[in-house]
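K.L.:
Handing you this structure, nothing more for now.
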Amino acid sequence: MSNAESRLYTPRTSRRPSLRPDPEAVGAITESIARFFGTGRYLLIQTILVLVWIALNVGAIRFRWDPYPFILLNLAFSTQAAYAAPLILLAQNRQENRDRVTLNEDRRRAAQTKADTEYLARELAALRLAVGEVPTREHLRRELEDLRSLLADLRPENPGPEARKSG
């Protein structure tokens with residue numbers, strides 16, 4: 001049995017070269033084109049080209065490649081619009097996906113912040129309760145004074161000679 005026959009479970013790769021562009025790279029390029037379509041610079045360049053086109057076709061008799069109804073110019077605009085619309089839609093879809101991811105991340109972060117805040121609030125409440133149970137200086141002084149007065153009440157006023165010797 002040959003080596004190829006023993007590996008029948010392994011599919012063969014295609015011998016034809018395939019054009020599989022990276023979707024992220026294509027998306028980035030289309031977004032940059034769509035962004036350029038929305039700038040004043042693009043409008044200025046397009047306006048200058050149209051004015052030059054019309055001036056050459058109206059004024060320069062020798063260079064008339066697109067006479068008055070300017071059908072070729074119209075075709076160029078139609079082709080540009082046919083490509084611009086899908087590019088803009090693709091850029092909007094990618095932006096929508098980024099916005100969705102950002103929104104989900106913001107929601108997750110807000111939930112985490114809320115959980116952290118609730119935890120800190122519980123910890124702060126527990127600390128306040130614990131601090132409330134700690135005796136203050138004044139409380140300890142009063143308790144010691146009460147204890148001193150109780151001890152003073154328990155001692156006899158004039159201890160006898162036997163109490164002095166044993167003490």
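The values are calculated or read from the model by the stated rules, or taken from the named source; none is laboratory data. Keep in mind it's a predicted model, so treat the numbers as computed, not measured. Counting neighbours? That spans all protein chains shown, and the Cβs are built from the backbone with ideal geometry, glycine included.
K.L.:
Assigned to a helix (DSSP H, G or I), touching a Phe, Trp or Tyr at 6+ places or on another chain (Cβ under 8 Å), under 23 Å from Ile33 (Cα atoms) and not hydroxyl-bearing (Ser, Thr, Tyr): is that true of Leu90 in this structure?
P.N.:
For Leu90, the condition - assigned to a helix (DSSP H, G or I), touching a Phe, Trp or Tyr at 6+ places or on another chain (Cβ under 8 Å), under 23 Å from Ile33 (Cα atoms) and not hydroxyl-bearing (Ser, Thr, Tyr) - is not met.
K.L.:
Given (1) among the acidic types (Asp, Glu); (2) over 28 Å from Phe37 (Cα atoms); (3) under 29 Å from the mean Cα position of the chain (by Cα), identify the lone condition not met by Glu96.
P.N.:
Condition (2) is where Glu96 drops out.
K.L.:
Right, another one. Out of region 17-32, which residues are loosely packed, with under 10 Cβ neighbours inside 10 Å, of a type in the set (A, V, I, L, M, F, W, C) and in a helix (DSSP H, G or I)?
P.N.:
Once the filter is applied, which keeps residues that are loosely packed, with under 10 Cβ neighbours inside 10 Å, of a type in the set (A, V, I, L, M, F, W, C) and in a helix (DSSP H, G or I), region 17-32 yields only Ala25.
K.L.:
Let me ask another. Here is a list: Arg35, Arg62, Arg41. Which entry is part of a helix (DSSP H, G or I) and modelled with pLDDT under 80?
P.N.:
Just a single option satisfies the conditions, and that option is Arg62.
K.L.:
Let me ask another. Could you list, in sequence order, the residues of region 53-92 that are in contact with a helix residue (DSSP H, G or I) (Cβ under 9 Å, 6 or more places away or on another chain), closer than 29 Å to Thr30 by Cα and of a type in the set (S, T, N, Q)?
P.N.:
Gln80, Gln92
K.L.:
Based on what the data block shows, is Phe70 among the hydrophobic types (A, V, I, L, M, F, W, C), at positive phi, out of contact with any strand residue (DSSP E or B) (no Cβ under 8 Å at 6 or more places or on another chain) and surrounded by 12 or more Cβ atoms within 10 Å (Cβ to Cβ)?
P.N.:
Judged against the criteria, Phe70 is a match.
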